[in-house]
């Protein structure tokens, strides 16, 4: 990739808007469960790091779940 393409891609990534959702710690949703492991992806751009995604893995049910899914009967707080 040439330098112009890299600069253009970096500008596009910087212009993307990110949505955030706040969840209360008292809610019975998967992200607040002790058995939930959140998935992460590599950060874009020139800063190294990991960014959390909206999907994770339930260790108890052994399946993929969204962070805001209703909790199952085996819900335990972190």
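Taking every C-alpha pair closer than 8 Å and separated by at least 6 residues, the mean separation divided by the residue count of the chain gives a relative contact order of 30 percent. When you count the other C-beta atoms within 10 angstrom of each residue and take the mean per peptide, 56-64, 40-48, 22-30 line up highest first as 56-64, 22-30, 40-48. For the chain, the normalised intensity computed at q = 0.23, 0.25 Å⁻¹ comes to -1.03, -1.15 (log10 of I(q)/I(0), Debye sum over alpha carbons, equal scatterers, no solvent). Between rounded, prolate and oblate, where does the stretch 34-78 land on the alpha carbon gyration tensor, with a ≥ b ≥ c its root eigenvalues, rounded for a/c under 1.5, else prolate if a/b exceeds b/c? Judged from the Cα gyration tensor, the stretch 34-78 comes out prolate (a/c at least 1.5, a/b above b/c). Taking 0.36 nm per residue of separation and subtracting the Cα-Cα distance, full extension of the segment from residue 44 to residue 8 would add 11.6 nm. Could you tell me the calculated FRET efficiency between residue 28 and residue 51, based on Cβ-Cβ distance and R0 = 25 angstrom, to the nearest 0.05? Computed FRET efficiency for residue 28 and residue 51: 0.45.
Here, each number is a calculation from the coordinates, and none is a lab measurement. Keep in mind it's a predicted model, so treat the numbers as computed, not measured. Reconstructed Cβ throughout: ideal geometry from the backbone, glycine too, with neighbour counts over all protein chains shown.
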